[in-house]
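Q: Encoded as C-alpha cells, here's the structure I'll be asking about.
The values are calculated or read from the model by the stated rules, or taken from the named source; none is laboratory data. Values in this document were obtained by computation on a predicted structure and should not be read as measured data. Cβ placement follows ideal geometry from the backbone for every residue including glycine, while neighbour counts extend to all protein chains displayed.
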Amino acid sequence: MTTNSPFAVSFTGHRKERILQKSTIENVQFYLTMQVAKLYMQGYRTYYTGVANGFDLLAAAVIMHMKRVYNDIRLVAVVPFANQSARYDEQDKLQYATILKQADEVVTLSQHYYAGCFHHRNDYLIDHASVVVAYWDNVPKGGTYYTVSQAKRMNKEIINLYK
C-alpha cells in the first residue's frame, strides 16, 4: 500500500533526448546512484517514479539495481494512464515493461489519456514524498519545471543532479 512517508523520494527529470544534449546516460546514472545511496543511508526506503522516457526510467533502473544490495528498498511506479509507453522506442518499451513487472507497487491513475494527466501524475509524486530528486536544466518550461516548482511551493527538499 502506498503511504505518504517523510522518508520517501520522488524523481522528476527530462526525456532522454534532452539529457543527451548536455550529458551521457552513464554519467547521469552514476550521480543518481550516488545520490540514492546517500538517501538510503539517511533512512529513505521508498522511491516513486513516473516511468516516463528518460530520467524516470533511468531512476527506476537504478532503484531496481540497488534492490540487489538493499533488500528493503521499495519502488513505486506511478503511471499517468494505462498506455503510457505506446510512443516509446522499443528499448524503452522493454525497460518500461520490466520495471512495471518488478516494481513493488504500480499505481495507475487513469485507464485513458486525458489533458492534464501528466500534471496529475506529477502532483501525486510530489504529494507522496518529502524529497524530489530532479534532473532539471533550469529552463522554466515543461513537466520537470512544473514538478520542481510545485515541490518548492510545497516546501519539499529538491536535489537537482543537473551539472
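Q: Yes or no: the range 40-53 includes at least one residue that is β-branched (Val, Ile, Thr) and surrounded by fewer than 16 Cβ atoms within 10 Å (Cβ to Cβ).
A: Looking through the range 40-53, none of the residues is β-branched (Val, Ile, Thr) and surrounded by fewer than 16 Cβ atoms within 10 Å (Cβ to Cβ).
Q: Kindly indicate whether Asn160 is without any contact (Cβ under 8 Å) to a residue 60 or more places away in the chain and either at positive phi or not β-branched (Val, Ile, Thr) (or both).
A: yes
Q: Moving on. Can you pull out every residue in the range 121-143 that is out of contact with any Leu (no Cβ under 8 Å at 6 or more places or on another chain) and among the basic types (Lys, Arg)?
A: Result: Lys141, single match.
Q: Counting just the residues of the range 16-49 that are in a loop (DSSP other than H, G, I, E, B) and at pLDDT 95 or above, which one comes out farthest from Val79 (Cα to Cα)?
A: By that ranking, first place goes to Gln42.
Q: Go through (1) surrounded by fewer than 16 Cβ atoms within 10 Å (Cβ to Cβ); (2) of a type in the set (Val, Ile, Thr); (3) within 22 Å of Thr147 (Cβ to Cβ) and name the single condition Ile19 misses.
A: Checking Ile19 against (1) surrounded by fewer than 16 Cβ atoms within 10 Å (Cβ to Cβ); (2) of a type in the set (Val, Ile, Thr); (3) within 22 Å of Thr147 (Cβ to Cβ), the one that fails is (1).
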